[in-house]
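Report on the structure given below.
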Amino acid sequence: MALNGQQEPIFDAFEVGSSRKQVEIQLGTPVSSKSLEEGKKEDTYKYEIGNSPNGGRATLNFYIDLATIGLAEPILSLIEVFQGHDEYSYIVYSPDDRVVAISGYRPPPPSPEMKAAIEAQEQYKKKPTTSDLSTTPASSSTSLPTSP
């Protein structure tokens, strides 16, 4: 069950002014829609938070099952069943299907500790150097012979 579930939406992928398509890529299709004044429309989106597929959790559950000869499976299954919770977001669109307002669930901003950890990890990411870019085939100056 740890490999099942829906990916959590990326809330930074859309903002006020974004198109309906950008929102629906992240949140899916709306569960309800209602018309407002001046041609505006409010859509309600429902999604699950905290139950995205996780290979690490599935592997850990597998090894616990092996170590306990399957006796832990009922407990692990109950834990998996209660993973995640439903959230709702309400988005108002203009007549040309652009986001006017976003309300409802938004994830909390990262804590200062999390920001520090992300910055510390950035120094270990491999960044392309200019010599890597100059050795690509697209930058070679050889030309193909042309036929008459």
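Numbers at a glance
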quantity	calculated
Sorted by Cβ density within 10 Å, fewest first, the residues LYS21, LYS126, LYS41	LYS126, LYS21, LYS41
Reciprocal mean inverse distance between Cα atoms of the stretch 19-60 - Kirkwood radius, Å	12.8 Å
Aspartates and glutamates with Cα under 19 Å of LYS40, excluding same-chain neighbours fewer than 8 positions away	GLU15, GLU24, ASP96, ASP97
Part-to-part distance (alpha-carbon centres) for the stretch 98-115 and the stretch 1-76, which is given in Å	16 Å
Proximal lysines relative to LYS41, as straight alpha-carbon distance under 23 Å, when same-chain residues fewer than 8 apart are discounted	LYS21
Order of THR29, THR44 - criterion: other Cβ atoms within 10 Å of each residue's Cβ, fewest first	THR29, THR44
Taking TYR45, TYR105 and counting other C-beta atoms within 10 Å, the order from fewest to most	TYR105, TYR45
Three principal axis lengths of the chain [C-alpha, angstrom, descending]	72, 61, 43
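Every read-out reported here was derived from the displayed coordinates using simple, explicitly stated rules and does not represent laboratory data. Because the structure is predicted, anything quoted here is derived from the model rather than measured. Methodologically, a virtual Cβ is constructed for each residue, glycine included, from the backbone with ideal geometry; neighbour enumeration extends over all protein chains shown.
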